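The values are calculated or read from the model by the stated rules, or taken from the named source; none is laboratory data. Keep in mind it's a predicted model, so treat the numbers as computed, not measured. Don't worry about glycine lacking a Cβ; one is built from the backbone with ideal geometry, like all the others, and counts go over all protein chains shown.
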């Protein structure tokens, strides 16, 4: 869905109210007016679809997760803490594209706020186990990128499909985040024992397969 520049005449009081509301919502005047008009004429914009997906994701989350209110309109960020010494926080950020790039429709960024090298070393062990489980069970190779203290995973259409509803995509992403977070927490409860840690991650992954976490 393309965008163009149009010239319209608006009342000063209306513009002032729009600007105030846009500030509260963390958006801008043009985006808010576009959203209001789209809702009025029942047109689903890419931004509206993103918000529907984000709401579907958040509806699946339990008390482990806190929504980051500072998220952009095209992203949803959630935080969860790990029971490890000083309780480091993991942040899950879902970034969606306005238009798909082939199979790719967005990315999941998983980042940590910590300066502990010991923690990061243990985290590297978890990433190895998790990506190993994905390479074994996922329907196609999962695409990852590592950037210092975060892992970025592409989100794609389910294999063989070129479209997906907002609700279905939101559920698949939400279930993936929940499974990842559960495996991460299970890993850190027994990280000192490599065998138990490996079993914990594998079992958590396999038990979540019926939720479709291998489809995106």
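Return the only residue of 135, 148, 69, 165 being at pLDDT 90 or above and out of contact with any helix residue (DSSP H, G or I) (no Cβ under 8 Å at 6 or more places or on another chain).
Details: 135 fails: at pLDDT 90 or above; 148 fails: at pLDDT 90 or above; 69 fails: at pLDDT 90 or above.
Answer to the check: 165.
Is it true that residue 63 is at pLDDT 90 or above, surrounded by fewer than 16 Cβ atoms within 10 Å (Cβ to Cβ) and more than 12 Å from the chain's Cα centre (by Cα)? Lay out the reasoning, then the answer.
Numbers: at pLDDT 90 or above: yes; surrounded by fewer than 16 Cβ atoms within 10 Å (Cβ to Cβ): yes; more than 12 Å from the chain's Cα centre (by Cα): yes.
The answer is yes for residue 63.
The helices (runs of 4 or more DSSP H) falling completely within segment 1-83 that include 1 or more residues that are under 30 Å from residue 113 (Cα atoms), touching a residue at least 24 places away in the same chain (Cβ under 8 Å) and out of contact with any strand residue (DSSP E or B) (no Cβ under 9 Å at 6 or more places or on another chain) map to 46-60. Only one of (1) touching a residue at least 12 places away in the same chain (Cβ under 8 Å); (2) buried (at least 16 other Cβ atoms within 10 Å of the Cβ) fails for residue 99. Which number is that? In the conditions (1) touching a residue at least 12 places away in the same chain (Cβ under 8 Å); (2) buried (at least 16 other Cβ atoms within 10 Å of the Cβ), residue 99 misses (2) alone. Scanning segment 133-143 for residues that are surrounded by 14 or more Cβ atoms within 10 Å (Cβ to Cβ) and without any contact (Cβ under 8 Å) to a residue 40 or more places away in the chain returns a single hit, 142.
Of everything listed in (1) modelled with pLDDT of 90 or more; (2) surrounded by fewer than 16 Cβ atoms within 10 Å (Cβ to Cβ), the single unmet condition for residue 115 is (1).
When segment 165-203 is filtered for residues that are touching a residue at least 40 places away in the same chain (Cβ under 8 Å) and either under 13 Å from residue 216 (Cα atoms) or not assigned by TED's automatic domain parsing to the domain that holds residue 55 (or both), the ones remaining, listed by number, are 169, 170, 171, 172, 173, 174, 175, 176, 177.
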